Amino acid sequence: MCVVLELPYSRVQAHGPIGNRGSTMALLTIQHTVRDFRMWQSIYDSLDEVQRDWGVTDAAVYRLAGAPDVVLIIRCFATVAQAQGFLTNREIQAAMQRAGVTSEPRIEIYA
């Protein structure tokens, strides 16, 4: 189950109670800076099917208050192994470069 607060540009739906201990869910967070959010967003949105194929069950995008070119992406997976595998997806990596990612990403996996 994944529960993320829904803010202006969120693509997530709440699916159950916070703290559901029966789940082995993993959260992958990626924070980076983008050159142009609208351009980045259009490429990110075009990757919905790829993300689903790689095990993403829910996702949300947030922008840093006061610095809207800093983006936080939260993706939910059934397992930590799926989240780790997603990071090896060359199609996603190439798309994010085309989308104008200008900083090294800060990547964390929570389980």
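Bear in mind that the values in this text are calculations on the coordinates, not laboratory data. Being a predicted model, the structure only gives us computed values, none of them experimental. Methodologically, a virtual Cβ is constructed for each residue, glycine included, from the backbone with ideal geometry; neighbour enumeration extends over all protein chains shown.
Segment 67-109: D in µm²/s via Stokes-Einstein (Kirkwood Rh, Cα pairs, 25 °C, 0.890 mPa s)? Walk me through the numbers on the way to the answer.
On the way: Rh = 11.8 Å.
In µm²/s, the coefficient is 208.
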For segment 38-97 (alpha-carbon point model, no solvent) the Debye-based log₁₀ I(q)/I(0) at q = 0.18 Å⁻¹ works out to -0.67
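Around residue 102, what is the net charge, scoring Lys/Arg as +1 and Asp/Glu as -1 over all other residues with Cβ under 11 Å from its Cβ?
Values: positive: 35; negative: 36, 69, 104.
With Lys, Arg at +1 and Asp, Glu at -1, the net is -2.
Report, in debye and to the nearest 20, how large the dipole of segment 26-110 comes out about its Cα centre when Lys and Arg carry +1 and Asp and Glu carry -1 on their Cβ. Please list the in-between numbers first.
Details: 8 positive and 10 negative charges, 33 e Å.
It comes to approximately 160 debye.
If packing is taken as the average number of other Cβ atoms within 10 Å across a peptide's residues, how do 32-44, 99-111 rank, most packed first?
Numbers: 32-44: 15.8, 99-111: 13.3.
Going by the mean number of other Cβ atoms within 10 Å, highest first, we get 32-44, 99-111.
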